[in-house]
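Okay, so here's the structure we're looking at.
The values are calculated or read from the model by the stated rules, or taken from the named source; none is laboratory data. The structure presented is a predicted model; accordingly, all values stated were derived computationally and were not measured. All Cβ positions, even for glycine, are placed from backbone atoms using ideal geometry, and neighbour counts span all protein chains on display. SASA here: full protein model, heavy atoms, side chains in, ligands and nucleic acids out. Shrake-Rupley method; radii C 1.70, N 1.55, O 1.52, S 1.80 Å.
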2 protein chains.
Amino acid sequence: MEMIRVSSKSKPNAVAGALTSLLREYQSVQIQVIGAAALNQAMKAIAIARGYVVPSGQDIYCIPSFYDLEIENQVVTSLRLNVEIK
Amino acid sequence: MEMIRVSSKSKPNAVAGALTSLLREYQSVQIQVIGAAALNQAMKAIAIARGYVVPSGQDIYCIPSFYDLEIENQVVTSLRLNVEIK
């Protein structure tokens, strides 16, 4: 599955465009975020991307799960969003 | 559709329990959040709630959309998460 990382500095409109292209090609994409601000940008991007696909009779679903990452010898819990177009 | 509000102070474990009960009764629930910290608690709650329903062969999907609220004469953009069990 394709994976994209979204940070607190990512622009939701730009992420939405990339996400839509990836979803049209692969049907599912994984978004990885660390922290509330990054998650916020990712969820905004999904809401925006829905606007691109809903007119063609599809919709975007998201399924969150926890994932432990090791960064500089510290365990950081990130959220992974499995995003699917249907 | 049943609606629950999640704030930055909501406990993800408690929200996950309530969410699971509501989903089992109504199949879909709307979660309303304002701000990144509240969204973070809501998404953690959904990830936890998945652990309650996945063993019985179901899963939880979430569909975000924007929603403008008027609070004290100011327009605040909130995120609404349509949460569905399938």
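Remarks
- Whole-percent carbon and sulfur share, accessible surface of chain B, 1.4 Å: 47 percent
- For chain B, the Cβ-based charge dipole about the Cα centre amounts to some 360 debye (Lys, Arg positive; Asp, Glu negative; other atoms uncharged).
- Counting Cβ atoms of other protein chains within 10 Å of each Cβ in B:65-71 and taking the mean gives 2.
- Within segment B:9-62, trypsin sites (Lys or Arg not before Pro) in DSSP loop having at most 14 other beta-carbon neighbours inside 10 Å: B:K9
- A:N73-B:K9 FRET efficiency (beta carbon distance; Förster radius 35 Å; 0.05 resolution): 0.65
- Rounded, prolate or oblate (a/c below 1.5 giving rounded, otherwise prolate when a/b exceeds b/c) for chain A by Cα gyration tensor: prolate
- Cut-off under 5 Å, modelled amide H: who pairs with B:I4 long-range: B:Q30, B:I31, B:Q32
- Above-threshold pairs, the threshold being 30 Å between Cα atoms, out of A:K86/B:K9; A:K11/B:K44; B:K9/B:K86: A:K86/B:K9
- Mean Cβ neighbour count within 10 Å, used as a protection proxy, ranking A:57-69, B:64-76 highest first: A:57-69, B:64-76
- Cα-based shape type of the protein assembly as shown, given that a ≥ b ≥ c are square roots of the gyration tensor eigenvalues and the cut on a/c is 1.5: rounded
- Relative to the longest principal axis of the Cα atoms of chain B, helix B:12-26 runs at roughly 70 degrees.
- Among the residues of B:43-49, the average count of other protein chain beta-carbon atoms within 10 Å of the residue beta-carbon is 5.
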